[in-house]
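The structure appears right after this line, and notes come after that.
The values are calculated or read from the model by the stated rules, or taken from the named source; none is laboratory data. None of the values given here were measured: they were computed from a predicted structure. Cβ atoms come from the backbone with ideal geometry, glycine included; neighbour counts cover every protein chain shown. The protein model used for the area step is the full one, side chains on, heavy atoms only, and it has no ligands, DNA or RNA in it. Shrake-Rupley method; radii C 1.70, N 1.55, O 1.52, S 1.80 Å.
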Amino acid sequence: MLILLADAFDPSLPERLKAFGEVTDDVARLAEAEVLLIRSKTKATGEYLARAPQLKLIIRGGVGLDNVDRAYAKERGIRVDNTPDASTVAVAEFALTLMLAAINHVIEGHNGMLQGKFLKKELKRSELFGKTLGLIGVGRIGTAVAQRAKAFGMRVVGYDPFVQHNAQVELLELDAVLSGADLLSLHAPLTPETRGLLNGERLGRTKRGVVIVNTGRGGCVDEPALAAALQSGQVRCYATDVWSSDPPPTDCPLVGLPGVLMAPHIGASSKENLLRIGDEVVQKIAAYSRERG
């Protein structure tokens, strides 16, 4: 079988996969591929998958599957899988990184030093200790963020309609999470129900001066409404690693806006995580190979 790596994985992965068949990163060979390995860059739309008549298995290295047309894949009998456990630590740590950078004005201080400015009096830090963190989405990553936030002495509340109990998080209704949180951290998948979840109305229910961190999906935020909330001071800072597209469109109202801390979707890109993704991919292809016979 031909295994196509359409996106970047750990450099050791191609050699590890040679035991199961031919391995290539030549996307021009999509039509020959039986197994397709992607991350977030490749959009496996119905049109894209229609160009892969031999395809039997798609593995998304990471958690979210919103970049795969699963309905089309099901219709074609193509199995779709992911590596849900691998990215938990990397993304959870990066969410805390963005929180700490935002409330401590790390970027402003660094840029000021580069410009010859010593902003000791101008930059007023805050602490995570004693603050309330509100999680929207309390799955693997949200739970890992909660564990780490508690180590900082935070109270952690969360909303997730699919979770009935979580030992790390005090589960509340969405309005209660929005109104009570000093910081909000988004970890919801992108679905028709979550697209634009943080719209103007819901942003208006948050504490004035809330800090919002997004390492989930950019589409869960109504970008024009968030830009307006930042300009009014309702939201103090939006620290994000995710966008409506990678990279964000040139007319994205958040890019370059004061109060926005930007990262280029690197939350899951730690070297350790890439190795874990590779481990899960090898296990899944080994299982597929055994079934295939």
Complete set of residues in region 109-143 that are small (Gly, Ala, Ser) and either on the phi < 0 side of the Ramachandran plot or buried (at least 17 other Cβ atoms within 10 Å of the Cβ) (or both): GLY109, GLY112, SER126, GLY134, GLY137, GLY139, GLY142
In region 244-256, what residues are open to solvent by 30 Å² or more (accessible area, probe 1.4 Å) and touching a helix residue (DSSP H, G or I) at 6+ places or on another chain (Cβ under 7 Å)? SER244, PRO253
For region 230-243 the number of residues that are open to solvent by less than 10 Å² (accessible area, probe 1.4 Å) and either within 18 Å of the chain's Cα centre (by Cα) or not β-branched (Val, Ile, Thr) (or both) is 5
So which of ARG60, ARG79, ARG39 ends up being within 23 Å of PRO247 (Cα to Cα) and touching a Phe, Trp or Tyr at 6+ places or on another chain (Cβ under 8 Å)? ARG39
Subset of region 25-36, residues over 27 Å from the mean Cα position of the chain (by Cα) and farther than 19 Å from VAL80 by Cα, comes to ALA28, ARG29
Scanning region 161-197 for residues that are within 20 Å of the chain's Cα centre (by Cα) and among the polar types (S, T, N, Q), which turns out most open to solvent (accessible area, probe 1.4 Å)? THR191
Criterion: touching a Gly at 6+ places or on another chain (Cβ under 8 Å), open to solvent by 30 Å² or more (accessible area, probe 1.4 Å) and acidic (Asp, Glu) - qualifying residue of ASP279, ASP222: ASP222
The condition of being over 21 Å from the mean Cα position of the chain (by Cα) and touching a residue at least 12 places away in the same chain (Cβ under 8 Å) holds, among GLY200, GLY259, only for GLY200
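Determine whether region 86-95 contains at least one residue that is without any contact (Cβ under 8 Å) to a residue 24 or more places away in the chain and among the small types (Gly, Ala, Ser).
There is no residue in region 86-95 that is without any contact (Cβ under 8 Å) to a residue 24 or more places away in the chain and among the small types (Gly, Ala, Ser).
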